[in-house]
Amino acid sequence: MKKYLIAASATLLFGAAAAHAQGISITPAGKTPTVIGDAKNFSGQAAVDIKAAGNSGRYGSVGQVDFMPGARTAWHTHPAGQLLIITEGRGWVQEERQPVREIKAGDVVWIEPGVNHWHGAAKDSRMSHIAISYMRDGKAVDWKELVSDDQYNDR
């Protein structure tokens with residue numbers, strides 16, 4: 001009887017572990033393509049590497065964006081906000097009608113829902129960040145017009 005209980009307990013334990021593991025999805029490194037940022041949404045050279053596993057895209061989008069010097073996003077908003085984790089280099093972020101602010105490796109930036117802004121590399125530095133954009137009503141970003149060279153250079 002004792003052997004039966006031990007065997008049954010082990011089966012339940014391993015069965016529970018296997019069921020739990022089915023709730024985890026892993027996308028191996030290199031399995032998602034890196035794409036060049038769309039010219040409607042980026043000025044300059046920017047590479048976007050979407051980071052997703054399983055159905056994570058239902059809740060928001062996560063991407064690593066690598067900006068060459070001078071590259072930047074267009075003006076845009078996020079209906080549920082955006083978190084930026086600067087991983088390399090130095091860049092700038094600007095809220096509409098506010099001064100440009102410097103960001104650098106190690107900085108973490110929170111952008112409130114609905115705030116019109118742009119971000120990208122400084123003129124003389126590459127910049128990379130992980131961008132986490134949360135979903136609201138099935139949408140993570142609303143793209144607007146490109147940041148002009150005059151706007152970018154007006155520091």
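Observations on the structure shown:
- Single unsatisfied condition, R58 versus (1) surrounded by 15 or more Cβ atoms within 10 Å (Cβ to Cβ); (2) under 24 Å from P28 (Cα atoms); (3) of a type in the set (K, R): (1)
- Across segment 123-152, the qualifying residues are those that are assigned to a helix (DSSP H, G or I) and loosely packed, with under 11 Cβ neighbours inside 10 Å, and the one among them that is farthest from the chain's Cα centre (by Cα) is D150.
- Residue within segment 74-94 that is assigned to a loop (DSSP other than H, G, I, E, B) and over 18 Å from I111 (Cβ atoms) present: no
- Where a residue in segment 86-107 is under 17 Å from E145 (Cα atoms) and its partner, wherever it lies, is outside any strand (DSSP E or B) and of a type outside the set (A, V, I, L, M, F, W, C), with Cβ under 6 Å and at least six apart: E96/N116
- Some residue of segment 100-115 being of a type outside the set (D, E), in a loop (DSSP other than H, G, I, E, B), closer than 18 Å to A46 by Cα and touching an Asp or Glu at 6+ places or on another chain (Cβ under 7 Å): yes
- Of all residues in segment 94-116, exactly one satisfies the criterion of being crowded, with 18+ Cβ neighbours inside 10 Å and under 15 Å from the mean Cα position of the chain (by Cα), namely I111.
- Here the condition is being within 26 Å of D149 (Cα to Cα), out of contact with any Cys (no Cβ under 6 Å at 6 or more places or on another chain) and small (G, A, S); of A29, A74, A52, it holds for A74 alone.
- Considering each residue of segment 61-71 in turn, at least one proves to be out of contact with any Cys (no Cβ under 6 Å at 6 or more places or on another chain), part of a strand (DSSP E or B) and within 21 Å of D154 (Cβ to Cβ).
All of the numbers you see were taken from the coordinates with simple rules; none came from a lab. All of these numbers come straight from a predicted model, not from anything done at the bench. Positions of Cβ are backbone-derived with ideal geometry, glycine not excepted, and every protein chain shown enters the neighbour counts.
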